[in-house]
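Participant: Quick one: the structure is below, questions incoming.
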Amino acid sequence: MTASPLREARLTNSSDNRKTELRINEKKCSWASYMTNSPTVIVMIGLPARGKTYMSKKLTRYLNWIGVPTKVFNLGVYRRDAVKAYKSYDFFRHDNEEAMKIRKQCALVALQDVKSYLNEEGGQIAVFDATNTTRERRDLILSFAKENAYKVFFVESVCDDPDVIAANILEVKVSSPDYPERHRERVMDDFLKRIECYEVTYQPLDPDECDKDLSFIKVINVGRRFLVNRVQDYIQSKIVYYLMNIHVHSRSIYLCRHGESDHNMQGRIGGDAELSARGKQFAHALQEFIGEQKLSDLKVWTSQLRRTIQTAEELGVPYEQWKILNEIDAGVCEEMTYEMIQDSYPEEFALRDQDKYHYRYPGGESYQDLVQRLEPVIMELERQGNVLVICHQAVMRCLLAYFLDK
């Protein structure tokens, strides 16, 4: 007995639909989401003006970029909501009982928000950005984490370089909502006295006795030295590696797409085409622009594809070729136009339209794959000074997403 053509068509369509659904659902999970087997609370520690908020924001941006949902909970924001008008450093004196009650209540409210984020909003990592300079406050956080089965990783920033501290106060604290008048001398005086209030009760992490069983990293003098203790899992090792690569020095990073290629003129994606006549004009214009910037010790990176190399050649300076900066791999669709893809692979064309970030070309890559591939580039960019990266459209989108926190 044979099935009717109509029944066969229905079975085929049903099977195809199931395959399509499986492909779509398969792509939705970020590779990085498998790094955490339980939610983690990253607890910042350190005196004021030690770069804790700077590290919190950078770390959160990095973790979100690799696909781990992360959010900062800055206790200063909660304190400013509770106390509308900041008057002076007296609020931070350890013997100011009324203020101490307010500050503890703010911490408890923030921890409840952490719990909501991790338990109800799909978060995997919460960054608790506060001074947390006493063992009493850290024990409160540890008890909260134990009750909710969260892992805890401490990040302590230690700095005794007065120049770094003063520069941080002038660069960041003068524009703080605590000081609406923006008077530099008064801000500096008040903030230094605020630091003195914290120094009275500051209990640094003790890796030899009291805190030897905790998981943490000490960042000493803005990354000159590090002390790492009891890293528990893969995500904590990623956090350590990232924090050991960032620095605070000002520099310029230029992200530049290669000049127009022959494939660009034809509307074809991928491939290894050479520059067009206009692409060579662009390369010459880039050379003039970079010369005008007068950047010291500029490093130039390209992919291993001809269109980026030819763009760099015009600069007349040494450059490094990175294979991981190559354009996204379009698999079976390499060197095709989008019209050709729509005609030859209509289902693939429709899938890509539905979810461009997770869509993976058959035999090729997705944007999600590209983010994973580009992670070493981000790490190296964080370590470097002035850099010009000559790359490709999809690559540049992923790098910009990191720097623009998208």
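Participant: Which ones in the stretch 118-136 are in a helix (DSSP H, G or I) and surrounded by fewer than 19 Cβ atoms within 10 Å (Cβ to Cβ)?
Facilitator: Of everything in the stretch 118-136, those that are in a helix (DSSP H, G or I) and surrounded by fewer than 19 Cβ atoms within 10 Å (Cβ to Cβ) turn out to be Asn119, Glu120, Arg135, Glu136.
Participant: While we're on this one: Just to be sure I understand the filter: pairs with C-beta atoms under 6 Å, separated by 6 or more residues or on different chains, first member in the stretch 48-63 and closer than 13 Å to Ile165 by Cβ, second member in a helix (DSSP H, G or I) and at pLDDT below 95. Which pairs pass?
Facilitator: Note: pairs meeting the criteria are Ala49/Ile165; Ala49/Asn168; Ala49/Ile169.
Participant: When the residues of the stretch 62-116 are narrowed to those that are farther than 24 Å from Met188 by Cα, assigned to a loop (DSSP other than H, G, I, E, B) and in contact with a helix residue (DSSP H, G or I) (Cβ under 7 Å, 6 or more places away or on another chain), which ends up most open to solvent (accessible area, probe 1.4 Å)?
Facilitator: Top of the filtered list is Gly67.
Participant: Can I ask one more? Going through the stretch 49-61 one residue at a time, which ones are more than 15 Å from Ala126 (Cβ to Cβ) and open to solvent by less than 10 Å² (accessible area, probe 1.4 Å)?
Facilitator: Selection gives Ala49 alone.
Participant: Go through the stretch 294-306 and report how many residues are open to solvent by less than 80 Å² (accessible area, probe 1.4 Å) and either modelled with pLDDT under 95 or over 22 Å from Leu381 (Cα atoms) (or both).
Facilitator: Of the residues in that region, 2 qualify.
Participant: Every residue in the stretch 180-204 that is touching a helix residue (DSSP H, G or I) at 6+ places or on another chain (Cβ under 7 Å), under 14 Å from Tyr86 (Cβ atoms) and open to solvent by 80 Å² or more (accessible area, probe 1.4 Å), please.
Facilitator: Arg182
Participant: If you scan the stretch 150-175, which residues turn out to be in contact (Cβ under 8 Å) with a residue 12 or more places away in the chain, under 17 Å from Arg80 (Cα atoms) and either open to solvent by 30 Å² or more (accessible area, probe 1.4 Å) or part of a loop (DSSP other than H, G, I, E, B) (or both)?
Facilitator: Within the stretch 150-175, Val172, Lys173 meet the criteria.
Participant: Looking at the stretch 240-270, which of the residues that are among the small types (Gly, Ala, Ser) and surrounded by 14 or more Cβ atoms within 10 Å (Cβ to Cβ) is nearest to Val395 (Cα to Cα)?
Facilitator: Applying the filter and picking the extreme gives Gly270.
Participant: Would you please name the residue that is nearest to the chain's Cα centre (by Cα), looking only at residues in the stretch 366-385 that are assigned to a loop (DSSP other than H, G, I, E, B) and closer than 26 Å to Lys299 by Cβ?
Facilitator: Out of the qualifying residues, it is Gln384.
Participant: What residue, among those in the stretch 193-210 that are without any contact (Cβ under 8 Å) to a residue 24 or more places away in the chain and under 31 Å from the mean Cα position of the chain (by Cα), is farthest from Asp90 (Cα to Cα)?
Facilitator: Pro207
Participant: Being open to solvent by 20 Å² or more (accessible area, probe 1.4 Å), part of a helix (DSSP H, G or I), over 20 Å from Lys52 (Cα atoms) and among the polar types (S, T, N, Q) is true for just one of Ser237, Ser143. Which residue is that?
Facilitator: Unique residue meeting the criteria: Ser143.
Participant: Further, regarding this structure: Scan the stretch 316-359 for residues that are of a type outside the set (Asp, Glu), open to solvent by 90 Å² or more (accessible area, probe 1.4 Å) and assigned to a helix (DSSP H, G or I) and jot them down.
Facilitator: The answer is Lys323, Gln342, Gln354.
The values are calculated or read from the model by the stated rules, or taken from the named source; none is laboratory data. The shown structure was predicted, so the numbers you read here are calculated from the model rather than taken from an experiment. Cβ sites come from the backbone with ideal geometry, for glycine too, and all protein chains shown count toward neighbours. Side chains are part of the model used for accessible areas, which takes the heavy atoms of the whole protein and leaves out ligands, DNA and RNA. Shrake-Rupley method; radii C 1.70, N 1.55, O 1.52, S 1.80 Å.
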